Amino acid sequence: MRKIILHAATLDRHGNYRDAGSELTVGADDNDETDITTSKADELLDCGRAVTLTEAAEQAKAEPVEPAAPASTRKAKA
C-alpha cells in the first residue's frame, strides 16, 4: 500500500482536514479504508504538495545533520 506525506494541508476522502506533515494511505477510488484516492494523491504529488514515503526517506538521508548546540550553563543564585 502506498503512503504519502503532505507538504500542505488538504482534505481526505472523508472530508477531514489533514495538516502538513500528515501521513496518508493511498487507495483506489472504491477503497473507503484508505485516506485518499490515487487520483487526488497523484495531483498532490505532481504539484509538490506531497511526497511519497520513499522520497521523504531519501531526502532525510541526504540532508546534512547539524551537531547539537552545547547546553548553556546557568549560574546558580546564592
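The values are calculated or read from the model by the stated rules, or taken from the named source; none is laboratory data. This one's a predicted model, so the numbers in the text were calculated from it and none came from an experiment. Cβ sites come from the backbone with ideal geometry, for glycine too, and all protein chains shown count toward neighbours. Heavy atoms of the whole protein, side chains included, go into the accessibility calculation; ligands, DNA and RNA do not. Shrake-Rupley method; radii C 1.70, N 1.55, O 1.52, S 1.80 Å.
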What pairs come up if the first residue lies in the range 51-78 and is farther than 30 Å from VAL26 by Cα, the second is open to solvent by less than 100 Å² (accessible area, probe 1.4 Å) and modelled with pLDDT of 65 or more, and their beta carbons are under 6 Å apart, counting only those six or more places apart or on different chains? none
Any chance the range 52-60 includes a residue that's open to solvent by 60 Å² or more (accessible area, probe 1.4 Å), in contact with a helix residue (DSSP H, G or I) (Cβ under 9 Å, 6 or more places away or on another chain) and at pLDDT 90 or above? no
Any residue in the range 1-16 that's under 25 Å from GLU58 (Cα atoms): show its pairings with residues that are among the aromatic types (Phe, Trp, Tyr) at Cβ separation under 7 Å, as long as the two are six or more apart or on different chains. ALA9/TYR17
